[in-house]
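The values are calculated or read from the model by the stated rules, or taken from the named source; none is laboratory data. In this text, all values refer to a predicted model and were calculated from it rather than measured experimentally. Cβ placement follows ideal geometry from the backbone for every residue including glycine, while neighbour counts extend to all protein chains displayed. The area values use the complete protein model at the heavy-atom level, side chains included, leaving out ligands, DNA and RNA. Shrake-Rupley method; radii C 1.70, N 1.55, O 1.52, S 1.80 Å.
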Amino acid sequence: MSKSIQQILEQDSLTKENIIQLLKSTGEDEKALFTKSSEVKLNYIGKNVHFRGLVEFSNICKKDCLYCGIRVGNKNVDRYDIADEEILKAAKFAYDNNYGSVVLQSGERSDKEFVDRIENLLKEIKKLSNNELGITISLGEQTKETYQRWYDAGAHRYLLRIESSNRELYEKIHPKNENHAHETRLKCLKYLQDIGYQTGTGVMIGIPFQTYEDLANDLLFMKEFDIDMVGMGPFIEHDETPLYEYRDQLMSLNDRFRLTLRMIAVLRILMKDINIASATALQAIDPLGREKALRIGANIIMPNITPTNERANYLLYQNKPCIDEGADDCTNCMEARINMADGEIGYGEWGDSRHYASRRKDA
Ligand code: SAM
Ligand code: SF4
């Protein structure tokens, strides 16, 4: 093992250059990084893993992100929108099975009908769970007023990935128009934080044109923004998206996977008490991908509880796992996997970000 990685890991803070070196580490150096990040996780978070039952309730989207399989420009997608009763049934399943929290995610819409509907669903989920289920939402960019209404209706965590903190890179992976502006994304993250949400963000790892420096800057951005939760996963190309054209320039899937693990490990060292999700896309590359991420720093896992008949249509990327399992199968499988990763499931707990609590106290 090179001495310098060990020295970096003993420092109290990390420079951008240190981070780049850690992100490039291999072999014994990478192992040392993972040992350190697991120690930090155990010291600050413990063994507890929290569930968020994920309901991907609609693939209807008004946006055209150049990487995403359900972008509006992809005409070969069967669009679906799960009925409210089915969404509520899934939330009830999460409640009855002591998941503690649910995540509602979909393509982006901001029409009045959609905003009203989400507000109503949030209230209904609170009602059916005696106010006990925690609710995370991930519904893209909205006005401050909409975010506030959804917060008042019961959502308390929001996931909005920055995708890249580098504006130029962001512009290369999105169409050039007002609907896909980097400034708007930053403004939305600020709204969420100001309203009082536990604010989550993240990036895709291994997107075309991305450099190690970009990734190091992404991690520093998360720290600087004082983010409470992060979900990062490998980019996986989809053949019906414009970015597919650049597939020859991509790292191998396995390299994207390892780099994602190193990103999680470095983030855990940088931000010791935040929640870090183990992304589903990890499992698309390695069947034990999510468990590996839990071992080296992640503490949140999102079992898919979307009604099975629609799962195959929420294909952001190819080879998405678990599209044909029912929610029961998913829970059993997940429990076994977490035990294997030496984790303990925090059943019935919200599993809020500790960082959020200390941030609010300081404020
Ligand atoms: N529409 C909302 C939004 O964009 O925030 C929520 C759903 S969107 C599908 C959730 C995340 O999926 C995006 O933030 C993006 O990072 C990720 N994603 C989209 N296409 C992907 C791909 N090809 N590979 C990996 N992740 C992808
Ligand atoms: Fe729509 Fe989100 Fe996919 Fe962009 S990433 S096309 S906003 S679902």
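Here residue 89 is the anchor, and the lysines within straight C-alpha reach of less than 27 Å, apart from those fewer than 8 places off in the same chain, are 62, 112, 123, 126, 127, 320. Accessible surface for residue 209 stands near 70 Å², nearest 10, in the context of the full protein assembly shown (1.4 Å probe).
One Cα centroid belongs to segment 111-148, the other to segment 332-363; the line between them spans 22 Å. Which shape class applies to segment 51-119: rounded if a/c is under 1.5, otherwise prolate when a/b exceeds b/c and oblate if not, where a ≥ b ≥ c are the square roots of the Cα gyration tensor eigenvalues? In terms of gyration-tensor shape, prolate.
Other residues with beta-carbon under 13 Å from the beta-carbon of residue 220 carry, at +1 per Lys or Arg and -1 per Asp or Glu, a net charge of -4. A Förster radius of 22 Å combined with the Cβ-Cβ distance from residue 354 to residue 152 puts the calculated FRET efficiency at roughly 0.35.
With the simple spin-label model, which puts each label point 7 Å out from Cα in the Cβ direction, the residue 145 to residue 112 separation comes to 1.0 nm.
Expressed as a fraction of 2.2 N^0.38 Å, the C-alpha radius of gyration for segment 1-140 is 1.49.
The alpha-carbon of residue 361 sits under 23 angstrom from the alpha-carbons of these lysines, leaving out residues fewer than 8 places away in its chain: 41, 190, 223, 272.
Under the rule of -39500 (n - 2.57) per DSSP H run of 4 or more residues, summed and divided by the residues of the chain, what mean residue ellipticity at 222 nm is obtained, to the nearest 500 deg cm²/dmol? Per the formula, -14000 deg cm²/dmol.
Rolling a 1.4 Å probe over the heavy atoms of the protein chains gives the chain an accessible area of 42 Å² per residue. Using only the Cα atoms of segment 170-289, build the gyration tensor, take square roots of its eigenvalues as a ≥ b ≥ c, and label the shape rounded, prolate or oblate: rounded if a/c is under 1.5, else prolate if a/b is larger than b/c, else oblate. Here segment 170-289 falls in the oblate category. Highest mean packing first, where packing is the average number of other Cβ atoms within 10 Å per residue, the peptides 348-360, 71-83, 257-269, 99-111 line up as 257-269, 99-111, 348-360, 71-83.
The length gained by stretching the chain between residue 362 and residue 319 to full extension, at 0.36 nm per residue less their Cα-Cα distance, is 11.1 nm.
Quick one: grab the alpha carbon gyration tensor of the chain, order the square roots of its eigenvalues as a ≥ b ≥ c, and give me rounded if a/c is under 1.5, else prolate or oblate depending on whether a/b is larger than b/c. Rounded is the answer for the chain, as its axis ratio a/c remains below 1.5. Extension gain for residue 92 to residue 226 (0.36 nm times residue separation, less C-alpha to C-alpha distance): 45.0 nm. The apolar share of the surface of the chain, taken as the fraction of accessible area on carbon and sulfur atoms (1.4 Å probe, ligands and nucleic acids excluded), comes to 46 percent. One quarter of the surface of the convex hull around the alpha-carbon atoms of segment 125-185 equals 4.8 nm², the direction-averaged projected area.
Summary value for the chain: 24 percent relative contact order, contacts being C-alpha pairs under 8 angstrom separated by 6+ residues.
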